[in-house]
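Colleague: My structure is below; once you've seen it, I'll send some questions.
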Amino acid sequence: MSFSTYTARRKLNRLRRSACQLFTSEAMAKAIQRLELEVEARRLLVRKDRHLWRDIGERKKVLNWLLSYNPLWLRIGLETIFGEFISLESNSDTLGLAMFILQRLLWNPDIAAEYRHHRVPNLYKEGHEEALSRFTLKKLLLLVCFLDKAKECRLIEHNPCLFCVDAEFKATKDLLLAFSRDFLSGEGILPRHLGYLGLPVSHVQTPLDEFDFAVKNLAVDLKCGIRLVRVMELLTLDWRLSAKLRLPAISRLQKIHNVDLALQVLKAKGIDLKDEHGSIIDSRDIVDGHREKTLSLLWKIIFAFHVCIFLCNQLRQEIGFLRRTLRTKRRLARVRADQGIQPSPMKTRVSYEHTSTKITLLMEWVRAVCNFYNLKVENFTVMFSDGRVLCYLIHHYHPSILPEASISHSTTQTVEGSPTGLNPHNIPFLQCWDVFFIFMPNVKMFCSQVVMTYLSFLCARLLDLHNETRAARVIQGAWRKYRLKKDLQLYEERNKAALKIQLVVRCFLQKRRAARRAQAAVLIQSAWRGFLARKILRMQKEALLRAVQHEAAMRLSASIIQRRYRALLLGRRDRRNFLNMKCSAVVLQAAFRGHRVRTDVANMHSAALVIQANFRRFRQQKTFRRKRWSAVVLQQRFRAQKQKQHALQQYHKVRKAAVLLQAAYRGMKSRRILQQEHQAAAVIQRSFRAHCEHRSYLTLKASATILLQAVYRGQQVRKEVGQAARAEKRRRFTAVVFHHLCAMKIQRALRAHWALESAKKQINSVVTIQRWLRARQQRRRYLEERGKVVTAQRAVRRWLAHRHKAASVIQLAVRKFLDVKRQQRVQRGIVKAQALWRAHCSRQRHDNAKLVKLRHRLRQISAEVREEDKLCNKTSSALDYLLRYKHFSYILEALQNLETATRLSPECCERLVQSGATNVIFTLIRCCNRSVPCMDVITFSIQILLNLSKYQKTIEAVYSVENSVETLLDLLQRYREKAGDKVAEKGGGIFTKACFLLALLLQDKRRAEVQKNQTPSLLSLENHHQTENERLNKRELLCSIQFRRIGLCTNRSIVCVFRFAPEWVLRKDKLKDIVDPLRAIHMVAETLSIPYLVL
């Protein structure tokens, strides 16, 4: 496992713990309890016409709504709500999440098991739908409310969007309202109701949440300032800066404002915003895309926050722990090397001084680690140029990633005259650790700030990953101290004991040396005396031995001759007995083979009759199903036609009513227009009469009144001509202006009246043309629709006549079929009654006290049977043990129960196949060795597969397991040397059953051809089969020569179809299982069309 994968899993586990703590908090627990009470009290209820599981459309709608959430949020929510891990390929595996939602949220296996019908599969009792809808409602509301709460609490560190970018909903409230509107009964505003229960929802996803903060081009992506502000939020943990942003940042002023927000935070932290040339970095430079200043700003941010990613207290604790560990390790090494307790003198190093305390701690940490390897570190530039320090840092914490033997010690720091730069040998190990080393092979002189930045990140990463082994490190440190203490005590006691032992040993050696000298002199004398005595005695024994050997040789020759003669007589008698027994065995074998051949032929004839009967029954059932389907289709079409006629009648009624309403409306509108025209004509006539009267009045006024006024004015003018000449002129000018203005107003009003009249005429013309055009279009559409309706009516009448004729034919055929079925039912009833009567008579004639007692005993046992003793319950528990437990005894017990269940019940066979246990069984067979318990497991496993292969509905599931035939061939190769022993050794039974199972699986011609072409292991089986045939043929040929019963050799190439049936099928023609290994090999050969010799 890589460190990136380990870190991702660690973060995911940490996120799971945080989610669990939030879910089990006191406020959340009370709210969940209130929600469950509301659902159980049916104050929150799913509508009865909404089926969340049975209705595929509703199920797909709910699934799409839930998949609108971010997959990471949805995974955490589902795992927290259901309290289990979801195995996914990645956090974006929507297919795995959809499968979990369909199998666990919209469906509940426990509820299904509680309401399942005992006899009919896939049928449930009353109340199942209601219980399932309550369960789904509770889990769904808990999931939505918990995700809203988790998003509000920023449960995930990088805080991704709660909803997908292309989701239908962007607010939790909208999702709840849509669910309430479509599925809940009697519920108004669901979010308000949940708020009363203590589960308020308030999250709304904004465009800023969906903004892509990834940086692909530094010169372009940082111009808007949004990404810089997000960087400041992540570094300072001040999440209020995003509220001050101006979105979308389109104009230059908006971008400058956003960049100023980030620069103000840096100024507040006391960071000098000047580049290496001394010029100030302004927001306008960033917006304009100034690359040098943008890079300078980024380096300012990195150098300002590069050491702040870990806690100083944690680093101090690590440094202290490393120093204590080094001291303990060195003292323990000195004690074990017998160098005494006094420590060796160490050179004092100059402490590293820096303005920042964190940099000083970083150097102390590096020195503490390098002290383990006797490496001196004084600065952040030259000492890091050869890569040894970095390699030792990684090796100290993760020696499996970078072993010490892989680190090169011949570098620029240890070899004089070598060129400066990194050691090429150490670079590959550093490059595989992190992306920071991508640029290091091209860097000749290291910048101290770059090294500090990298070391800060490396230190934080190593300490974060090393927290998992913190307990082990503490235990190791305590153990080293304990061992050091014990070794010191042992060292002192050993020194004292050594002094005492040395004193005693010196005295003992002096005494021992004197005793050895005296003993050596005595030993030499006794050895010389013994040598002389043994020499005399040996000469006497040699003379006596020669006489005894001559006498013994004569006796041994006589005994050997007698023993050889007796062995010859016994051999002749045993030879005669063996020949007699061999002749008898040959006669018995011939009789048994004849009986077996006759039995096989009879069984094959019976099986052929059964297959023919089943095929005829299947063909009749298929014909009946086709006819029933045709009748159902006709009925559906007839009902659809009736509904269409009813809808057509309704349409005509509605259309007729609409036409009447339109005619009435047009009449009313025409009358209103006519009335308006009459009123306008009356107004025009009135105005014209007034105009005529006004003209007559003006004519009369001009003839009389003006003349009198002129005389009067002349007289007045003549009187006042000298006094008011100027006043008269002014009055005349004023009167002329006044009359001119009045004439202009009258002209303007008249022109407006004429324009209005012209516009009215034009509008009336346009309205008339439009009315005529719409009438023509409506008439044309009506004629087209009428033609279509007439055509449809003709087609429907023809179809109804044809359907009536077909229905008559179908009804006649169905009546005949029902009559035949009725006669068959009556005939079966008569046969059953006769069988019952014969059974009753037979019991009365043959029953005795023992049979009656046995029958009562069976009834009593049947009445006392427990629920867990039923085959279905035993099968369920056995499957649970097989799929969940790894203990050998549990697996063996489960296999025994499954073998019994599959041998006696077809439902248990189908359930085992549906649960996927066949893959587990083949995996168990492949994992077993040749020990006795493993052979028991293999025996039961193969027997289960045999029971499944005898059943036509489950044989395909056994064959479709990956590498199933190869596994069986491996078993044949593994146990073939024990194929002849069926009693003492279990390998023969495994070999026979494996051959039998292989023959059953390859009965189908297609499977046999595929395996012969694709499985090279069949060649070894063919060779083994030929070897067995040759051995058998040689033995039978020798026997047949004696009795003159030699038959012709035939090449059997026809594939024989064996008729084996399960144990629950009670038929006389059912073949028994094969227990003879040789017959099993013959059966496999016949199945694969492998030629062999038959006597």
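Colleague: Considering the Cα trace of region 3-197, what is its radius of gyration and what is Dmax, both in angstroms?
Modeller: Gyration radius and largest Cα-Cα distance of region 3-197: 17.1, 54 Å.
Colleague: Next question. Just the Cα atoms of region 724-846, one point each, no solvent: what log10 I(q)/I(0) does Debye give at q = 0.13 Å⁻¹?
Modeller: The computed values of log10 I(q)/I(0) come out as -0.91.
Colleague: Within region 198-213, which residues have the backbone N less than 15 Å from the label spot 7 Å out from Thr94 along Cα→beta-carbon, could you tell me?
Modeller: Flagged as within label range: none.
Colleague: First compute the accessible area of region 3-197 with a 1.4 Å probe, then give the percent of it belonging to carbon and sulfur atoms.
Modeller: On the way: 5230 of 10330 Å².
With neighbouring chains kept in place, the figure for region 3-197 is 51 percent.
Colleague: Lysine pairs in region 3-197 8 or more apart or on different chains: how many have alpha carbons under 15 angstrom apart? Display every interim value, and only then the final one.
Modeller: Values: Lys30/Lys138; Lys30/Lys149; Lys149/Lys173; Lys151/Lys170; Lys151/Lys173.
Number of lysine pairs found: 5.
Colleague: To continue, here is another question. Positive end of the dipole of region 3-197, charges at C-beta (+1 Lys, Arg; -1 Asp, Glu), about the Cα centre: which of Ala113, Leu78, Leu15 has its Cα farthest in that direction?
Modeller: The one lying farthest along the dipole's positive direction is Leu15.
Colleague: A follow-up question, please. Report the gain in length on full extension from Arg828 to Glu126: 0.36 nm times residue separation, minus Cα-Cα distance, nm rounded to one decimal. Don't jump to the answer; show the numbers that get you there.
Modeller: Values: separation 702, 0.36 × 702 = 252.72 nm, distance 3.46 nm.
Stretched out fully, the Arg828 to Glu126 stretch lengthens by 249.3 nm.
Colleague: Note down the Stokes-Einstein diffusion coefficient of region 205-266 in µm²/s, whole number, using a Kirkwood radius over alpha carbon pairs, 10 °C, and 1.306 mPa s.
Modeller: On the way: Rh = 11.8 Å.
Taking Rh from Cα pairs, D becomes 135 µm²/s.
Colleague: What's the ranking of 240-246, 737-743 by average number of surrounding C-beta atoms within 10 Å, highest first? Walk me through the numbers on the way to the answer.
Modeller: Details: 240-246: 14.0, 737-743: 9.9.
Result, highest mean Cβ count within 10 Å first: 240-246, 737-743.
Colleague: Tally up the carbon and sulfur contribution to the accessible surface of region 802-894 as a whole percent, 1.4 Å probe, everything protein left in place.
Modeller: Numbers: 4570 of 7800 Å².
It is 59 percent, rounded to a whole number.
Colleague: Another question, if that's okay. Can you spot the lysines whose alpha carbon is less than 21 Å from Lys329's alpha carbon? Ignore those fewer than 8 places along the same chain.
Modeller: Partners found: Lys347, Lys376, Lys481, Lys485, Lys486.
Colleague: Between Thr381 and Arg689, 0.36 nm times their residue separation minus their Cα-Cα distance comes to what?
Modeller: Values: separation 308, 0.36 × 308 = 110.88 nm, distance 11.46 nm.
Roughly 99.4 nm would be gained on extension.
Colleague: Tell me the volume per residue, in Å³, of the convex hull enclosing the alpha carbons of region 780-852.
Modeller: Working: hull volume 7.3 nm³, N = 73.
Hull volume over Cα atoms, normalised by residue count, gives 100 Å³.
Colleague: In addition: State the extension gain, in nm to one decimal, for the chain segment bounded by Glu114 and Thr206, taking 0.36 nm per residue of separation less the distance between their alpha-carbons.
Modeller: My answer for the length gained is 28.6 nm.
Colleague: A further question follows. List the residues whose amide H sits under 5 Å from the amide H of Phe163, counting only those 5 or more places along or on another chain, with H placed 1.01 Å from N in the peptide plane.
Modeller: Those qualifying (amide H under 5 Å, at least 5 residues apart or on another chain) are Asn70.
Colleague: Once each part is reduced to its C-alpha centroid, what is the distance from region 788-846 to region 97-142 in angstrom?
Modeller: Their Cα centres are 38 Å away from one another.
Colleague: A further question on this structure: Order of 190-199, 1002-1011, 112-121 by packing, highest average Cβ count within 10 Å first?
Modeller: Numbers: 190-199: 17.9, 1002-1011: 15.8, 112-121: 11.4.
With the highest mean Cβ count within 10 Å placed first, the list reads 190-199, 1002-1011, 112-121.
Colleague: Per the Cauchy relation, a quarter of the hull surface: what is the mean projected area of the convex hull of the alpha carbons in region 633-790, in nm²? List each step's numbers first, then the result.
Modeller: Values: hull surface 65.8 nm².
It is 16.4 nm².
Colleague: Skip the ligands, DNA and RNA, and give the accessible area per residue of region 3-197 with a 1.4 Å probe, whole Å².
Modeller: 53 Å²
Colleague: Calculate I(q)/I(0) for region 462-602 by the Debye formula, one identical point scatterer on each C-alpha and no solvent, and give its log10 at q = 0.19, 0.20 Å⁻¹ to two decimals.
Modeller: Per q value, in the given order, log10 I(q)/I(0) is -1.16, -1.22.
Colleague: Roughly speaking, what is the centre-to-centre gap between region 905-937 and region 382-396 when only Cα atoms are used, to the nearest Å?
Modeller: 54 Å
Colleague: Moving on to the next point. Can you check what the net charge comes to around Val215, using other residues whose Cβ is under 14 Å from the Cβ of Val215 (Lys, Arg +1; Asp, Glu -1)? Mind showing how you got there, number by number?
Modeller: Working: positive: Lys216, Lys223, Arg227, Arg230, Arg291; negative: Asp212, Asp221.
So the surrounding residues net to +3.
The values are calculated or read from the model by the stated rules, or taken from the named source; none is laboratory data. If you're wondering where the values come from, they're calculated on a predicted model, not measured in any experiment. In this analysis, Cβ positions are derived from the backbone assuming ideal geometry, glycine residues included, and neighbour counts consider all displayed protein chains. Heavy atoms of the whole protein, side chains included, go into the accessibility calculation; ligands, DNA and RNA do not. Shrake-Rupley method; radii C 1.70, N 1.55, O 1.52, S 1.80 Å.
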